[in-house]
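The values are calculated or read from the model by the stated rules, or taken from the named source; none is laboratory data. Computed from a prediction, not measured in an experiment: that's the story for all the values here. A quick note on method: Cβ atoms are made from the backbone with ideal geometry, for glycine too, and the neighbour counts reach across all protein chains shown. Accessible surface is based on the protein model in full, side chains and every heavy atom, while ligands, DNA and RNA are left aside. Shrake-Rupley method; radii C 1.70, N 1.55, O 1.52, S 1.80 Å.
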Amino acid sequence: RLSAALAAVSLCLLAPAVRAEILVNNVWVRATVPGADSGAGYLTITNTGTEARSLLRLTSTVSDTVTIHQSSIDAQGMARMWPVAKLEIRPGETVKFEPNGRHLMFTALAAPFRVGETVPVTFQFDRGSEPVTARLAVRPLVDDAPTAGAPAHNH
C-alpha cells in the first residue's frame with residue numbers, strides 16, 4: 001500500500017501544472033457619481049495559450065449587464081461610442097481596455113462605484129475554458145482627485 005501511495009504521489013508531481021491560458025490584469029473602474037446608472041472598466045486580457053479564444057459572456061453582481069464598448073474621438077472633437085459584438089484574442093495577444101478606447105460598460109448599476117471598493121467581473125471564454133473572475137479596483141472619477149483626508153487646494 002505504501003508503494004502504491006508513493007507511486008500516486010510521484011505521478012502527481014510529474015504531471016504538468018494546470019496553467020490559466022487567459023490572464024486578466026491591470027483591472028480598474030472609475031468611481032461613479034451618486035445616481036449614475038452606468039460605469040466603465042479598464043484592464044488587459046492576455047491569451048498565453050496556443051489557440052485563439054473568444055469572449056462569450058461577462059457578468060457582475062453589481063450591474064444588470066456588462067458589455068464591451070469602443071469609443072473614439074474624431075478630428076472635430078466629437079466622441080462616439082458603440083458596442084463591440086465579438087472579442088477574439090489570438091495566441092500571445094494582449095488586448096487593452098483603456099479610457100477613450102475599448103472598455104467594459106456596466107449598465108443598471110446596483111450602487112455607485114466608490115473609491116476603495118472593488119467591482120467583481122467574471123469572464124467566460126469559449127472551448128470549455130474555466131471562467132476568470134477579476135476584482136476591479138475603484139479609482140477616483142478624476143485622475144488627480146484628492147483622496148479622503150487630503151488637504152484641499154484653494155486657488
Which one is most open to solvent (accessible area, probe 1.4 Å) among residues in the stretch 39-79 that are over 15 Å from the mean Cα position of the chain (by Cα), over 22 Å from T94 (Cα atoms) and among the small types (G, A, S)? A75
Quick one: which strands (runs of 3 or more DSSP E) sit completely within the stretch 5-90 and have at least 1 residues that are touching a His at 6+ places or on another chain (Cβ under 9 Å) and either at pLDDT below 95 or not hydrophobic (A, V, I, L, M, F, W, C) (or both)? 38-47, 63-73, 79-83
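Out of L136, L141, report the one residue that is open to solvent by 40 Å² or more (accessible area, probe 1.4 Å) and either outside any strand (DSSP E or B) or on the phi < 0 side of the Ramachandran plot (or both).
On the way: L136 fails: open to solvent by 40 Å² or more (accessible area, probe 1.4 Å).
Just one listed residue meets the conditions, L141.
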Looking at the stretch 117-132, which of the residues that are of a type outside the set (A, V, I, L, M, F, W, C) and at pLDDT 95 or above is most open to solvent (accessible area, probe 1.4 Å)? E117
Take G92 and tell me if it is closer than 17 Å to S129 by Cβ and either among the basic types (K, R) or buried (at least 16 other Cβ atoms within 10 Å of the Cβ) (or both). no
Is it the case that the stretch 92-101 has a residue that's part of a strand (DSSP E or B), over 16 Å from L136 (Cβ atoms) and at pLDDT 95 or above? yes
